[in-house]
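Okay, so here's the structure we're looking at.
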Amino acid sequence: MIKTDFIPPMIKGVSASKAFLPAHRDPVVTTIFKYVCQQFAHISVHEWQQRFADGLVYDASGQILNVHSPYQANTHIFYYRFLAHEQPVPFQHHILFENDALLVVDKPHFLTISPTGQYVQETLLVRLKNQTGIEELSPIHRLDRETAGIILLSKKTQVRHAYQQLFANRQVQKTYHAIAAYRSELSFPRTLNLCMQKGQPFYTMQIDAHGEPNSETYIECLEHNQFWAKYRLKPVTGKQHQLRVHLNYLGVPIKNDPFYPTVLHKKHDDFSAPLQLLAKHIEFIDPISHEKICIESQYNLDL
């Protein structure tokens, strides 16, 4: 009988992923290697071969598997994800605040939060795990790769839900700064209440002029010149790309936005024009310590 109390270690800041091996009737799938190649077809066969060769696939008891290890139904495996070639992101994060349960970090532009697509080591989460040694680190909310500024991470799995509830219950006050086009005919401050839906391409959002409003943003103009303005934005809701879509709706798209109003496919090694959107300030009552937390990003956006 296979022991299942094995806890896979963190390797280079990367925690193991877990996959269940169900009972099946495919006579071709006789090894675990063949199963994962079939089940995770988006990952190349060569990459799976390399993971097995590097000893990065374990069974439930912690035994290292190879490409010939037989398929064992109704158990599970652990595997690690590393990329052979990964584009370095030449910007550094900064830890702004830390207590027993929470980490507040200033994220630079172009740094993805969690491993995805072309990035594993060059993500904020893996960098922080390598830096702190805390395997249970987990993001509490979202921040786009293109957006810089404040992001919260929980240090313990058991407290993550308490912090997530703050966002769900709208008990977190978030302030963003953005550099966007200036239009003299627009008056500020103003509040936008709009219906946002999935757009085309699928990773964008769009406004439904006839739908029930589901997104709200308070907007002020802090300063401007003939072409650009610096806006302060306070979102009440947290829809994907909300601030970018709301400003674009007003006809003042954010400077260097690769999605709005037009999708531009930039190269992953092009760091020349960061999106001018910054998560500048965050404020809330810590649900664990019950202290008032007010944190401001060290980054600034200039006209």
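None of the figures in this text is laboratory data; all of them are computed from the coordinates on show. Every value quoted in this text rests on a predicted model; they were computed, and no experiment measured them. Neighbour counts run over all protein chains shown; Cβ positions are idealised from the backbone, glycine included.
Spin-label model, residue 191/residue 98: points 7 Å from Cα along the beta carbon direction are separated by 3.9 nm. Sorted on the mean count of surrounding Cβ atoms within 10 Å across their residues, most packed first, peptides 137-147, 35-45 read 137-147, 35-45. Note on the chain: antiparallel DSSP beta bridges, both residues inside, total approximately 95 percent of the bridges counted. Take every pair of alpha-carbon atoms less than 8 Å apart whose residues are at least six positions apart; their mean separation over the length of region 17-79 yields a relative contact order of 50 percent. Spacing of the modelled spin labels on residue 25 and residue 69, each 7 Å from Cα toward Cβ, amounts to 2.8 nm. Pop the C-beta distance of residue 263 and residue 171 into the FRET formula with R0 = 25 Å and round what comes out to the nearest 0.05. Using R0 = 25 Å, I get an efficiency of 0.15.
Per-residue packing, averaged as other Cβ atoms within 10 Å, sorts the ranges 257-263, 237-243 into the order 237-243, 257-263, beginning with the highest. Fully extending the segment from residue 303 to residue 42, taken as 0.36 nm per residue of separation minus the present Cα-Cα distance, adds 89.7 nm.
Pairs of Cα atoms nearer than 8 Å and 6+ residues apart set the relative contact order; for the chain it is 15 percent.
Given a Förster radius of 30 Å and the C-beta distance between residue 198 and residue 54 as r, what FRET efficiency does 1/(1 + (r/R0)^6) yield to the nearest 0.05? For residue 198 and residue 54, the calculated efficiency is 0.20. Cα-based values for region 97-206, radius of gyration first and Dmax second, are 16.8, 52 Å. Cα gyration tensor of region 17-79, axes a ≥ b ≥ c as square roots of the eigenvalues: rounded (a/c below 1.5), prolate (a/b > b/c) or oblate? Taking the square roots of the gyration eigenvalues as a ≥ b ≥ c, region 17-79 is oblate.
Which one is right for this structure if P(r) over Cα pairs in 20 Å bins from 0, in percent is calculated from it: [x] 28, 47, 21, 4; [y] 34, 60, 6, 0; [z] 28, 50, 20, 1? Working out P(r) over Cα pairs in 20 Å bins from 0, in percent from the coordinates points to [z].
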